[in-house]
Every structure is written in structure tokens, then in C-alpha cells.
Amino acid sequence: MDGKDASAWPEIDKAEKENRRELVLQGANTDQRIQSNGGLISKLYSLTLLNYLEISQCPSLTEVSENIGNLVHLQSLILCRNKIASFPKSIGNLKSLKVFDVSVNELQNIPEEVSQLSELNTLNVSCNSITSLPAGLSQCTKLSNINVSKNGLTSLPDDLFSDKLELLSTIVASENAIEELSADVSNLSALKVLDLSGNKLSELPFELADCSKLKEINFKGNKLKDKRLEKMVNGCQTKSVLDYLRVGGRGRGKGKAQVEAGGEKGDAGGGVARNTPKKKGGGKGKRQQQQEEDEELNKMVLRVLHISDSPTAVTVKVAAEVKDVRPYIVCCVVRGMALNPGNALKRFLMAQTKLHDDICGKRTTATIATHDVQLVKSPLLYDARTPQTLKIVPLGRKEMNAVDLLKHLQQEADEQRKQKKRQNVSGLHKYLQLLDGKSHYPCLVDMEGHVISFPPITNSEKTKIKKSTKELLLEVTSSSSLQTCKDVMDALIMKMAELNKLTFEHKEADGSDGEAAESEPAPAEGEGPSTGPELVIQQVRITDMDGNLKVVYPSKTDLTAESSIVTVVR
């Protein structure tokens, strides 16, 4: 149904009057109008000049009118975090559409007319109840990114692996029930990211190794028949997995050698390495070689230290005021993270951004902050303050209160829209709406009263991490649950371990003096020097204002996921 009260939609009136190209309707205010009016107002579908339309975070939005097909100039259609149950076939009329995002709804299928969108670049239908994808996606020859995670798919359509999709670089299909990955995946010449974690795969095709640009794979949570391969994928070791598949799976490095030695049969558990040069050490016994490979997989050590009694140890107290704002926080201190060599710091910051986009739900579920411990003056207070009284030195900016900061960011966002002639913006600007309607904002304050973190917007320049940072304070806050904080922190630390291992293996040039990055991370208390890329995690205690324990991280139940690149020592 279409809403009948035109006066209740000033944004639409303004867009019509000013011939605007962009329109955003989101949040509780919009949702209330949709509920009161019985749907979206019909005038919306007459704004034929729109090239960007976003309607999000509106649980009362359960359907979209066929008239959506009137908006023939749309390039981006964002309808995420609603409760849309079906989508009209008129989607096929939007021939200019490049971005189609209907994530976090209640869709059970996607109309086949989506395949008529020849300009489509990004398709995001994650977090729905979709059991199959439409046929004909190979006709979307400009498709670059597709996200179908958290649905009910049992397979991916064959034409998704068509060689016509020369630009398809990212496929995210995690948390479905997919049973097989087609060998035709090798047709995707531009594929860089492939995520099929949390599915029902039992095997991986050897042809995956023919994807020459593949840089990131994730098959965690699949029960593979080849247990050695399963151990590798649970560690997300892309290069190791592809090398393993390239030589035929189990028996790698031995099959060719055995044939040369006397034509013995390969390992019964998998294919024999074909046309593969003899691996150094190929004459070793099977058990010895497997032990060496297992040791290589597990050489990354993550050591957990209990709460320190040192007077300089970081502690955090939580004020009662945060209860109704953003009540949950966990922290820990990490030593041994090599940020100086090469692009190590850049990779870490990019990984943090990716976690914000994925597991943190674009900061709606949780927010990560990182600080240089040497610049943190403990004890810390997790507090809630009014926008006028919350003052911070934001990253790369001068000190200002939260009112001025958000006003400044909004002005920057408006300027970005004008320059780029579109609605979507980058950086901190895309998180401004998360604070809409809040009378108090959460913040982490040091012993001198300086705000060092203002989630979900920014950290302080005062505690900013640099290449020279030796110890990091990690902070995760959430309005959802304490377990959400812990899950995000687990994911962050495991990613740090993976990145640290990568840095040490590549021995990148040091950012300060040009020498190889071979300096040893800080050893654990009471230990000698570390012999590998060891990370040391120091517990941080979170208490209430009276000193009663609320949470300590990591506890015995944290960091328990099995990983082939990390061994947790407690």
C-alpha cells in the first residue's frame, strides 16, 4: 500500500521541488511514517531523476511497489535492514542500476529479472531467507561483487561461474548450506575473494588453484573429507591451500617423487601430484613429513597473560550512565604486533575496516578502537556524556566537542555528495546516523580527563597507533551484548595473528631503517626471547564504579576456535 499523507514526507517534497538526484529515508522516524501511512507514499515513484535511493532500518517496510520500475535512472538502490518479503519483477526496468542492496530483509527469492540489469556491479542479498539464485546472472557481465551470505542456499547457479563474468572479483556466500563448489570456478579470471565459510562442502575442486588472482579465501566451518586440507582452511591460509590443491591435494610433494622412484601408488586419501617438480626433502618418511608440515602450520603462538599487578597496568571502570547508551565493553593489551615493516600498519588498518564492515555490521553491531598503550594514561573510565560536554581531539583534527565534530562531518558529507553527485559518502561520515536521537554519547576517558575514544565515530589523535607502536590497547564496544564484544575481539586478535605471521614470513623492509623485519616481539613474562611471530595478550579487567568485576578478557572461554595458524598458550 502507498501512504496517503503527503505532508508527512518533507524529504520527498524537497526532492521533487529541487529535482534532486539522491534521496535517503532511514531510521525510526521514517519507519513510524511508513507504519502510520500503510507504506511508502506513491509520489516517491514519480521522482524519475533519482540516481541514488536508500530506504533502510525500517521494519515496517514489508513490500515495494511495482512502480519502483519507474525510476529508470537509478544507479544505486539500497533497501537494507527492513522486512521486505518479496520484490517486484519491475526491477528489470532499471537498466542503469549498478548497485542493488536488499540485505537484512525477509526475502525468499530474487526475481529473475535481476539478470536483465546489464550495468549491475554489486549485488548484496545477504541476511535473507533465499534458497536459490535466479538463472541468467551471467548476463550481468559487469558484475564485480556478489554477497549472498546468511541465506538458505544449497548450491550456487552454474552460470555464476561463466567466463562471461570477466569482472567478478568477490563472491561471499558464507553461512548457507552449499554442498559443492563447481570446478568451473576457474573460469572466473578476475576472482580475488571467495568466502564459502559455514557451509556443507566436503571437497574443494583442484581447479580453484587456477584462479590466478585469488588472494583471499575462507572455507572455515566446512567438514572436508581431507582433514589436512580442513586444517589449512580453518587457518585461512590462502597460499597454502592453493599450493596444496595445485599439486593434487593429499600426497603433495610425494606423488611425483614416488612415481620417479618406482611408480608407487599415491596416497589413497587424494590425488597424486601431477607434473610437479620433485619437492625438496621428498624422500622423507610420510609420518616425518606430515609432522613437519603440521609444525609449519602451527608455528604462530598466541600467549595469554593473566591480569597484571603492575601499577601501570590498564584498568577500566564503567559508569552507570552508559547503561542506556552503549553498555558493553571489553579490552585487552597486545604485544608483539609488528607494525613497522613495509605495509604492515596499512594491512592492519585495512583489516580493521573490513571487520567493521563485516562482523561489526558497519559499526551498527560493534565498534573497534585501537590505542598505543604508551600514550594511554590509566585508569580509564567508560562514560556517557552530553554532546556539548564530550570533547575529543579526533584523528587528524583539532580538539572540538561532539556537537561541532558531527556538524563538521555532516558538512563534509554534504560537500562530498555535491562533488561526487551521489548520496553515498566515505570515511567517518557514513556512521553519523548511528547517533541520531541520542542525548548522551559513549566515550572512553583517561585519568587526566581526556577522551581517547568516541564510539562509533572516532579515536583520539592523542593515542593514535603508528608504525613505531609496540603495544596496543584493543577496545570493542557494543549496544547489543557482551558476547558480541567478545566475538569481535576474538576475530580481531585472530586476524592480527594471521597478519603478523604474514609479515614475518615475507620479511618486509623495516619502515624506519630499511633492514629486514627480523626483530623479535616482546617475550612473555618470565620467558626468554620469542623465536617466532608470537603475540602476547594481556588481560584487562573491566569493573563497575565500586570495583566489582564485570568482565575480563580474554577469559578461558575466549579465543577457543581451532586454528591451524595459531596455538593459544594460557
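The values are calculated or read from the model by the stated rules, or taken from the named source; none is laboratory data. Just so we're clear, the structure is a prediction, and the values are computed from it rather than from any experiment. Every residue, glycine among them, receives a Cβ derived from its backbone with ideal geometry; neighbour counts consider all protein chains shown. Keep in mind that these areas ignore ligands, DNA and RNA; they rest on the heavy atoms of the full protein, side chains included. Shrake-Rupley method; radii C 1.70, N 1.55, O 1.52, S 1.80 Å.
Of note:
- Residue within segment 238-253 that is of a type in the set (A, V, I, L, M, F, W, C), modelled with pLDDT of 90 or more, more than 17 Å from SER189 (Cα to Cα) and buried (at least 21 other Cβ atoms within 10 Å of the Cβ) present: no
- Single residue of ILE146, ILE55, ILE68 found to be assigned to a strand (DSSP E or B), closer than 30 Å to GLU16 by Cβ and without any contact (Cβ under 8 Å) to a residue 40 or more places away in the chain: ILE55
- Checking LYS279, LYS323 one by one, the residue that is at pLDDT below 95, in a loop (DSSP other than H, G, I, E, B) and open to solvent by 50 Å² or more (accessible area, probe 1.4 Å) is LYS279 and no other.
- Test: residue in segment 164-184 that is crowded, with 18+ Cβ neighbours inside 10 Å and over 27 Å from LEU117 (Cβ atoms): no
- Screening the candidates GLU63, GLU18 for the property of being charged (D, E, K, R) and closer than 25 Å to ILE130 by Cα yields one hit, GLU63.
- Across segment 353-375, the number of residues qualifying as open to solvent by 20 Å² or more (accessible area, probe 1.4 Å) and in contact (Cβ under 8 Å) with a residue 60 or more places away in the chain comes to 9.
- Number of residues in segment 463-478 that are open to solvent by 30 Å² or more (accessible area, probe 1.4 Å) and either closer than 13 Å to TYR553 by Cα or assigned to a strand (DSSP E or B) (or both) equals 1.
- Checklist (1) touching a helix residue (DSSP H, G or I) at 6+ places or on another chain (Cβ under 7 Å); (2) at positive phi; (3) acidic (Asp, Glu) applied to GLU175, failing item: (1)
- If the condition is being open to solvent by 10 Å² or more (accessible area, probe 1.4 Å) and either among the hydroxyl-bearing types (Ser, Thr, Tyr) or closer than 22 Å to GLN139 by Cβ (or both), then segment 193-205 contributes SER197, SER202.
- Matching residues, segment 89-100, being open to solvent by less than 10 Å² (accessible area, probe 1.4 Å), within 26 Å of the chain's Cα centre (by Cα) and not aromatic (Phe, Trp, Tyr): LEU97
- Between SER240, SER174, SER186, SER212, the distinction of being among the hydroxyl-bearing types (Ser, Thr, Tyr), under 20 Å from SER144 (Cβ atoms) and part of a helix (DSSP H, G or I) belongs to SER186 only.
- Answer residue from segment 379-395, given it is surrounded by 20 or more Cβ atoms within 10 Å (Cβ to Cβ) and part of a strand (DSSP E or B) and is nearest to the chain's Cα centre (by Cα) among those: PRO394
The rows are residues; the columns are (1) modelled with pLDDT under 90; (2) open to solvent by less than 90 Å² (accessible area, probe 1.4 Å); (3) assigned to a loop (DSSP other than H, G, I, E, B).
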site	(1), (2), (3)
SER480	yes, yes, yes
ASP490	no, yes, no
LEU502	yes, yes, no
GLU520	yes, no, yes
PRO529	yes, no, yes
GLY532	yes, yes, yes
VAL536	no, yes, no
THR557	yes, no, yes
ILE565	yes, yes, yes
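- Out of ALA15, ALA28, one residue alone is aliphatic (A, V, I, L, M), touching a residue at least 40 places away in the same chain (Cβ under 8 Å) and either open to solvent by less than 50 Å² (accessible area, probe 1.4 Å) or outside any loop (DSSP other than H, G, I, E, B) (or both). It is ALA28.
- Here LYS231, LYS225, LYS215, LYS220 are screened, and the one residue that is open to solvent by 40 Å² or more (accessible area, probe 1.4 Å), over 28 Å from CYS140 (Cβ atoms), of a type in the set (Lys, Arg) and under 18 Å from the mean Cα position of the chain (by Cα) is LYS220.
- LYS407 being basic (Lys, Arg), modelled with pLDDT under 90 and open to solvent by 10 Å² or more (accessible area, probe 1.4 Å): yes
- Only one entry in SER76, SER103, SER86 is surrounded by fewer than 17 Cβ atoms within 10 Å (Cβ to Cβ), at pLDDT below 95 and farther than 16 Å from LEU137 by Cβ, namely SER86.
- Every residue from segment 434-462 that is exposed (fewer than 15 other Cβ atoms within 10 Å of the Cβ), more than 21 Å from ARG541 (Cβ to Cβ) and not small (Gly, Ala, Ser): ASP436
- Condition met for ASN145 (under 29 Å from THR503 (Cα atoms) and open to solvent by less than 40 Å² (accessible area, probe 1.4 Å)): no
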